[in-house]
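Chemist: Could you have a look at this structure, given as structure tokens, before my questions?
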């Protein structure tokens with residue numbers, strides 16, 4: 001289970017349709033810039049995006065025999 005926090009960013013319009021190409025890169029950039037002063041919402045969002053990227057990298061590198069699916073509930 002992933003999270004919508006892994007793919008959304010505030011600058012997107014409400015009518016925007018998210019796809020597997022979308023990632024929340026903003027939170028990671030804020031974490032890198034602010035370190036321990038990062039607001040909690042960005043720590044959560046950045047961790048969800050990072051975790052899902054690791055998930056997909058595992059699939060691409062290890063090529064497991066099972067199917068992998070990430071759900072990003074709204």
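The values are calculated or read from the model by the stated rules, or taken from the named source; none is laboratory data. Remember, it's a predicted structure, so these values are computed and weren't measured experimentally. When we count neighbours, we look across all protein chains shown, and the Cβ atoms used for this are built from the backbone with ideal geometry, even at glycine.
Chemist: Just one of the numbered conditions (1) in contact with a helix residue (DSSP H, G or I) (Cβ under 7 Å, 6 or more places away or on another chain); (2) outside any helix (DSSP H, G or I); (3) surrounded by 10 or more Cβ atoms within 10 Å (Cβ to Cβ) is not true of residue 73; which one?
Modeler: (3)
Chemist: Same structure again: With the condition kept exactly as written, say whether any residue in segment 50-60 is surrounded by fewer than 16 Cβ atoms within 10 Å (Cβ to Cβ), over 16 Å from residue 73 (Cα atoms), under 14 Å from the mean Cα position of the chain (by Cα) and at pLDDT below 95.
Modeler: no
Chemist: Across segment 21-39, what is the number of residues that are within 15 Å of the chain's Cα centre (by Cα) and farther than 13 Å from residue 3 by Cα?
Modeler: Result for segment 21-39: 8.
Chemist: Can you name every residue in segment 10-61 that is in contact (Cβ under 8 Å) with a residue 12 or more places away in the chain, part of a loop (DSSP other than H, G, I, E, B) and within 19 Å of residue 71 (Cβ to Cβ)?
Modeler: If the condition is that a residue be in contact (Cβ under 8 Å) with a residue 12 or more places away in the chain, part of a loop (DSSP other than H, G, I, E, B) and within 19 Å of residue 71 (Cβ to Cβ), then 18, 22, 23, 24 are the ones that fit.
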